[in-house]
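The values are calculated or read from the model by the stated rules, or taken from the named source; none is laboratory data. Everything quoted here is computed from the prediction, not taken from an experiment. Virtual Cβ from ideal backbone geometry, glycine too; neighbours counted across all protein chains shown. The area values use the complete protein model at the heavy-atom level, side chains included, leaving out ligands, DNA and RNA. Shrake-Rupley method; radii C 1.70, N 1.55, O 1.52, S 1.80 Å.
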Amino acid sequence: MVEHSHEIGNHTYTHPFLTKMSKDDCKEEIKESDSIIKKLTGQRAATFRPPYFDFNEDTVSIVQDFSYKMIGAVNMDAVDWEQPGVNHIVTKSRNHIRNGSIFLFHDGFGDRSQTMEAVRILVKELIDEGFQLVTVSELMKFKENE
């Protein structure tokens, strides 16, 4: 992923609901993932996305301690992890296309062929429509410079 200039983000070690954990356990989840990412890639993750978009003030504080920027996504109704069909994933994601959108798609755990096909379709459409696809960090820099 790194060799192809993809950006790596931290998403915790075991994918828990962070608001149901102690602050120390939450910090360990993020720290463990942080350590593995550094070990495997030689660099720190650039961003953090909480599992299930579940976070609270403690989570925000911990993420800031790691100097991560916390991110979300706009196409949660695409529910690609449930394998609802390519058309569903594409249609629901299209509803959120606008400058600055961050989309969420899953590439692990089981058959991801629907997601992969939906992403192929969406990427082609977005490029054909003149959108520029960038990493989340690049997107954040654009936002900072506005």
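Of the residues making up the stretch 88-117, those that are part of a loop (DSSP other than H, G, I, E, B), farther than 26 Å from Met140 by Cβ and either touching a strand residue (DSSP E or B) at 6+ places or on another chain (Cβ under 6 Å) or open to solvent by less than 60 Å² (accessible area, probe 1.4 Å) (or both) number 1.
When the stretch 103-114 is limited to residues that are out of contact with any Lys or Arg (no Cβ under 7 Å at 6 or more places or on another chain) and within 16 Å of Val74 (Cα to Cα), the one that is modelled with the highest pLDDT turns out to be Phe103. Taking first residues from the stretch 37-58 that are touching a residue at least 60 places away in the same chain (Cβ under 8 Å) and partners that are among the small types (Gly, Ala, Ser), the Cβ contacts under 9 Å between residues at least 6 apart in sequence or on separate chains come to Ala46/Gly9; Ala46/Ser137; Thr47/Gly9; Thr47/Ser137.
Consider the stretch 122-132. How many of its residues are surrounded by 11 or more Cβ atoms within 10 Å (Cβ to Cβ) and either under 19 Å from the mean Cα position of the chain (by Cα) or outside any helix (DSSP H, G or I) (or both)? Of the residues in that region, 4 qualify. What do you reckon, is Val79 of a type in the set (A, V, I, L, M) and either modelled with pLDDT of 95 or more or at negative phi (or both)? When the stated conditions are applied, Val79 does not pass them.
Pairing residues of the stretch 135-146 that are open to solvent by 100 Å² or more (accessible area, probe 1.4 Å) with residues that are at pLDDT 85 or above, at Cβ distances under 8 Å and at least 6 apart in sequence or on separate chains, gives Phe142/Gly100; Phe142/Val134; Lys143/Gly100. For Gly85, state whether it is open to solvent by less than 50 Å² (accessible area, probe 1.4 Å) and at pLDDT below 90. Judged against the criteria, Gly85 is not a match.
Applying the set (1) open to solvent by 90 Å² or more (accessible area, probe 1.4 Å); (2) at pLDDT below 95; (3) out of contact with any helix residue (DSSP H, G or I) (no Cβ under 8 Å at 6 or more places or on another chain); (4) charged (D, E, K, R) to Asp24 leaves exactly one unmet item: (2). Candidates in the stretch 34-70 are the residues that are touching a Pro at 6+ places or on another chain (Cβ under 9 Å) and closer than 23 Å to Lys141 by Cβ; of these, the one that is surrounded by the fewest Cβ atoms within 10 Å (Cβ to Cβ) is Met70.
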